[in-house]
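Asker: Sending over a structure as structure tokens; questions will come in a sec.
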Amino acid sequence: MKTDEQISQDGDRASASRGQLTRDSILDAAEILFGQRGYEGTSTRDLAARAKVRLSLLHYHFGTKDKVLAATFDRKFDGLRSLIQSSFDTAAAGGELTLEECVRAFVMPFLEVSADKGHELHNFVVMTSHLMSSYRVPEVKPSLIRLSAISELFTTRVRAACPGAGESELLAGTYLIEAALIFMVQDPGFLDDISAHHHSADKLDQIAGATLRFFSTGLRSLIDPTSPN
């Protein structure tokens, strides 16, 4: 027979488990609603309704809407950074990367995640892309600033591939690539329209071909104007 202390510990564990399920439900709802409506278009009441929890529970676990947003980044940000880092590491397994290989290693994970609605990072990536239009909102900016660490994974590799690249030109090119990616990822119909709803790996690779050539050629023309490309 369990002691009173053991019974109490079991109760504490059950309560903690229920609390984590509630938190996860709220954060899942936040990824979806912030991705659909943006930060300012979503209220805590909306989040609670989507998560199917009482508003008082949302306030108990997070307090305010900006705390919910910060928690969504805390939960998935490292996973996204690891995905991009792994893409670069895999691409570089055979040696130093070319500029074109850098672009591919950076862009393809975003396209693959956005095309796969069942991917654990899908809603998070769509959400972050949508929130970029609210970059200057004080409650949103601190979370989005964290994404610069992912941009740095790209610029570090490009600097190694093109050691003569000017810093301002590289940053401008990176900004333009990311701006295009933001549109491609946050528009739910983009990949559907250009792939005829067929998101196989081969089809996605074909779709990406023109995108990657466009990004690579544009970036090279900025950082290496003497290149014939």
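The values are calculated or read from the model by the stated rules, or taken from the named source; none is laboratory data. Note that the coordinates shown come from a computational prediction; the quantities given were computed from them, not determined experimentally. Positions of Cβ are backbone-derived with ideal geometry, glycine not excepted, and every protein chain shown enters the neighbour counts. Only protein heavy atoms, including side chains, enter the accessible area calculation; ligands, DNA and RNA are left aside. Shrake-Rupley method; radii C 1.70, N 1.55, O 1.52, S 1.80 Å.
Asker: Under the rule a/c < 1.5 gives rounded, and otherwise a/b versus b/c splits prolate from oblate, where does region 72-121 land using the Cα gyration tensor? Kindly include the intermediate steps, with their values, before the conclusion.
Answerer: Working: a/c = 2.82, a/b = 1.78, b/c = 1.58.
In terms of gyration-tensor shape, prolate.
Asker: For the residue pair residue 137 and residue 89, what label-to-label distance in nm results when each label sits 7 Å from Cα along the Cα-to-beta-carbon direction?
Answerer: According to this spin-label approximation, the distance is 3.4 nm.
Asker: Please report, to one decimal in angstroms, the Kirkwood hydrodynamic radius of region 88-189 built from all distinct Cα-Cα pairs.
Answerer: Details: mean 1/r = 0.0682 Å⁻¹.
Taking every pair of different Cα atoms in region 88-189, averaging 1/r and inverting gives 14.7 Å.
Asker: In vacuo Debye scattering of region 9-141, one point per C-alpha: log10 I(q)/I(0) at q = 0.10, 0.15, 0.22 Å⁻¹?
Answerer: Once normalised to I(0) and log-transformed, intensities are -0.41, -0.78, -1.26.
Asker: Could you put 26, 207 in order of accessible surface area, largest first, with the 1.4 Å probe and the full protein assembly present?
Answerer: On the way: 26 0, 207 25 Å².
Largest accessible area first, the list is 207, 26.
Asker: At 7 Å along the Cα-to-beta-carbon direction for both residue 117 and residue 214, put a label point, then send me their distance in nm to one decimal.
Answerer: 2.4 nm
Asker: Continuing with this model, one more query. If a/c stays under 1.5 just call it rounded; otherwise compare a/b with b/c (prolate if a/b is bigger, oblate if not). Do that for region 93-138, with a ≥ b ≥ c from the square roots of the Cα gyration tensor eigenvalues. Intermediate values should be presented prior to the final figure.
Answerer: Details: a/c = 3.59, a/b = 1.63, b/c = 2.21.
It is oblate, given that a/c is not under 1.5 and a/b is not larger than b/c.
Asker: Using a 7 Å offset from the Cα along the Cα-to-Cβ direction at both residue 66 and residue 98, what is the distance between the two label points in nm, to one decimal?
Answerer: 4.7 nm
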